[in-house]
Amino acid sequence: MPPTHEVLNQATPLVDYDVAASPVLIESLHREGGGWAEDELHELGRIAGSAQAQEWGRVVENVPPVLHTHDRYGHRIDEVEFHPYWHELMTVSTRFGMTGGPWRDPKPGAHVARSAKFIAWGPVDAGHMCPIVMTYAAIPALRKSPELAAIYEPGLIAPEYEFGLRNPVEKRGLIAGMSMTEKQGGSDVRANTTTATPNSDGTYTIVGHKWFTSAPMSDVFLTLAQTQNGLSCFLLPRVLPDGTRNNLRLQRLKDKLGNRSNASSEIEYDNAVGWLVGEEGRGVPTIIEMVNLTRLDCAVSGAASARIGLNQAIHHAKHRKAFGDLLINQPLMRNVLADLAIDAEVNTMLSLRLARAVDESVAGDENEALFRRLANAVAKYWMCKRAPSHAFEALECLGGNGYVEESGMPRLYREAPLNSIWEGSGNVAALDSLRAMAKQPESLGVLFAELEAAEGRDRHYDEALRELRKEFSDLEDMQYRARRVVERIALLLQGSLVLQHGNPAVAEAFCVTRLGHDWGHAYGTLPRGLDIDTIINRATPEDV
């Protein structure tokens, strides 16, 4: 009797490959100063591509954390229980320096190397990367108070992960969270109502409610609260120096569109104890040091999402036949895949260029600091804005197979809008780009110097650059035009990089379609005459 359920014409699982074996990722790593980390990047890339790590990510998404507000006797405990695989993911991230590596060993290219690792590792599970990002980003803000940094920084930058409620100074490694957003203000943190009252011992009593607190299992939090002198930044440990619990009450875990593995929460400060970070009334300038780095990681996450979605789409197309031939050989599918590959390529290039700006600004380069401040907001806006459409198109390449949860593509798609909202929605990021130029007008000169380095290489690029200059000739309704202007800046930054350093086939296709006028409104609308073969062939690791 013939079999009734023989499996034919299905792709094999995309496992046991090196996620980091991407030409553009390795080229960018070396160009931007992090080439010394290539071996470690490949080691992490092989872990990310392993069946084991992908199983960790799948399970923690399907078995989300559980909040326990009280123990069996009625005592308040405010604990979050995680699946053991969550701790495996956290251990790998901290071991490979994604929390504190660049601060622990601030060699040239350290932030570039970390961002490259993020691109390779982050999509394994986006949820656990939230506390990883928070911890990495907390260091510059914490250093505004050297005495606090001396106590907590060694644990935050340590390549160790130790879960559990203990005095932070007694733990091998620490995780930091951020607690800014309140329900009445959202991104408008100056509308926050949480209060901080000074005590005679130098501490403050914090009272208030936070609508979103990232990573409530963290050892320490940076938070904003109002003092008599205005909005100020504070550090709150979950366990106080005397070993008692701080009064941080977890009210509920948020039911989010995206990842379920991370325990985003609402939190109540019920006469909690905090220490001032920086100066009273300077809370926003203090915590903006943290926000600048989390925004960098939002952009990097967009590059990571595009990279993993593209890998899945090409892998499927290489193994799936339709209408008599493999999908990868069919012209329209090749058009779609090449179009997706263009965005993945330029996103990677811009992400590592931004990371180099962090490296050089930390080392004291004032021009790079100006470039970083502006380009960070610009890239965060555009790369995160594009992520959902890229994830959707990659999902569609798998057809019905991409629409089922087992493929992992729905998880990628649900997560894609997050970074366009986190650390300021699209409007906030676009307006912040304008604010950076208004507050530091010299940053505009630094930006145009960056863009003019590629002038004369492509007529579409040159025309787009002239149009950008015109945008600044009339400032009357600039806020109304903010998205248009910021999008154009982002595309020119990507174009500058790919023209100067990228593959000529990718550069031509990018300029024709993203900067010229021959670009449809959907992926897969590339015009004839482009070198599609080269674009696809260099898009993913050989073993995809």
Which residues qualify? For SER214, with a placed amide H closer than 5 Å and at least 5 residues away or on another chain, they are MET178, MET180
Can you give me the P(r) profile for the chain? Cα pairs, bins 20 angstrom wide beginning at 0, each as a whole percent.
22, 55, 22, 2, 0
Across the Cα atoms of the stretch 179-303, what radius of gyration and what greatest pairwise Cα-Cα distance (Dmax) are found, in Å?
14.5, 48
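Just want the ordering: GLU153, GLU280, GLU423, from fewest to most Cβ atoms lying within 10 Å of their own Cβ.
GLU280, GLU153, GLU423
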Length-normalised contact order for the chain - Cα pairs under 8 Å, 6+ apart - percent
15
Once the piece of chain linking GLU160 and ILE77 is laid out straight, how much longer is it, given 0.36 nm per residue of separation minus the C-alpha distance between them?
27.4 nm
Violations at 24 Å Cα threshold for listed pairs LYS256/LYS385; LYS171/LYS380; LYS321/LYS385; LYS380/LYS439; LYS107/LYS144; LYS256/LYS318 -> LYS171/LYS380; LYS321/LYS385; LYS256/LYS318
Calculated from DSSP H runs of 4 or more alone, at -39500 (n - 2.57) each and per residue, what is the 222 nm mean residue ellipticity of the chain, nearest 500?
-16000 deg cm²/dmol
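Can you give the translational diffusion coefficient of the stretch 285-537 in µm²/s, computed by Stokes-Einstein from the Kirkwood radius over Cα pairs at 37 °C and 0.692 mPa s?
175
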Check VAL277: other-chain or 5+ apart residues with amide H under 5 Å from its amide H, H built from backbone geometry?
CYS233, PHE234, LEU235
Scanning the chain for chymotrypsin sites (Phe, Trp or Tyr not before Pro) in DSSP loops with at most 10 other Cβ atoms within 10 Å, what's the longest stretch left with none?
74-322
Taking 10 °C and 1.306 mPa s as the conditions, I'd like the Stokes-Einstein D for the stretch 171-218 in µm²/s, using the Kirkwood hydrodynamic radius from alpha carbon pairs.
128
Cα centroid separation, the stretch 139-190 to the stretch 32-88 (Å):
19
Note on the chain: helices (DSSP H) long enough, at least 27 Å by alpha carbon along their axis, and hydrophobic enough, mean Kyte-Doolittle at least -1.0, are 283-319, 331-362, 366-397, 482-501
Most exposed first, judged by fewest Cβ atoms within 10 angstrom, CYS233, CYS511 run CYS511, CYS233
Ranking SER261, SER187, SER214 by Cβ neighbours within 10 Å, fewest first, what do you get?
SER187, SER214, SER261
In the stretch 458-542, which GluC sites (Glu not before Pro) fall in coil by DSSP and have 12 or fewer other Cβ atoms within 10 Å?
GLU476, GLU542
In terms of the ratio Rg/(2.2 N^0.38 Å) built on C-alpha atoms, what value belongs to the stretch 63-204?
1.19
Could you tell me how far the Cα centroid of the stretch 208-226 sits from the Cα centroid of the stretch 335-392, in Å?
28
Can you tally the net charge around ARG488? Count Lys and Arg as +1, Asp and Glu as -1, for every other residue whose Cβ sits under 9 Å from the Cβ of ARG488.
-2
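Since every read-out is calculated from the coordinates, none of them should be taken as a lab result. What you see is a predicted model; the values in this text were computed from it and never measured. Neighbour counts run over all protein chains shown; Cβ positions are idealised from the backbone, glycine included.
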